[in-house]
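To keep things clear, I will list the structure first and then write my remarks on it.
The values are calculated or read from the model by the stated rules, or taken from the named source; none is laboratory data. What you see is a predicted model, and the numbers here were worked out from it, not measured in a lab. We place every Cβ from the backbone using ideal geometry, glycine too, and count neighbours over all the protein chains shown. We work out accessible area using only protein heavy atoms, side chains counted, and drop any ligands, DNA or RNA first. Shrake-Rupley method; radii C 1.70, N 1.55, O 1.52, S 1.80 Å.
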Amino acid sequence: MNKYELTVIVSAKIEDDARTAVIEKVKELITRFGGEISDIDEWGKRRLAYEIQKMKEGYYYFIHFESDASVPSEVEQRIRILDHVLRYLCVKQEA
């Protein structure tokens with residue numbers, strides 16, 4: 001099992017409950033494909049380095065999980081089509 005960190009930036013223009021639903025869906029995707037979430041770090045609303053879809057701010061979430069090597073690509077394929085996700089990045093953490 002490898003350790004990964006998934007960074008998700010969610011739109012700041014949606015309500016709190018909708019934002020929570022997006023993160024719950026991401027967590028569900030990770031567990032559905034066999035990943036085990038160890039930690040979720042919420043940074044809150046931050047200013048973006050550049051505008052994305054005419055937005056200057058977004059909510060940052062860092063999700064740490066362990067899984068097989070195939071899981072990150074499966075999760076990224078599904079995150080790509082989620083509404084309100086501005087950016088995402090999954091990286092493997094060094095041991």
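Between residue 3 and residue 16, the simple spin-label model (points 7 angstrom out along Cα→Cβ) gives 3.2 nm. Of interest is the spacing of the C-alpha centroids, which for region 70-95 and region 21-69 amounts to 8 Å.
Length gained on full extension, residue 41 to residue 57, computed as 0.36 nm times the residue gap minus the Cα-Cα distance: 4.0 nm.
Computed from Cα positions, the angle between helix 16-32 and the longest principal axis of the chain comes to roughly 20 degrees.
When the trypsin sites (Lys or Arg not before Pro) in region 46-75 are filtered for DSSP coil states and for at most 13 other beta-carbon atoms within 10 Å of their beta-carbon, the remaining sites are 54. Approximating the spin labels as points 7 Å out from Cα along Cα→Cβ, the residue 31-to-residue 95 distance works out to 2.8 nm. Note on the chain: with neighbouring protein chains present and a 1.4 Å probe, carbon and sulfur make up 45 percent of its accessible heavy-atom surface. Number of Lys-Lys pairs in the chain with C-alpha atoms under 23 Å apart and a separation of 8 or more places or on different chains: 14.
Applying D = kT/(6 pi eta Rh) to the chain, where Rh is the Kirkwood radius over alpha-carbon pairs, T corresponds to 10 °C and eta to 1.306 mPa s, the Stokes-Einstein value obtained is 118 µm²/s.
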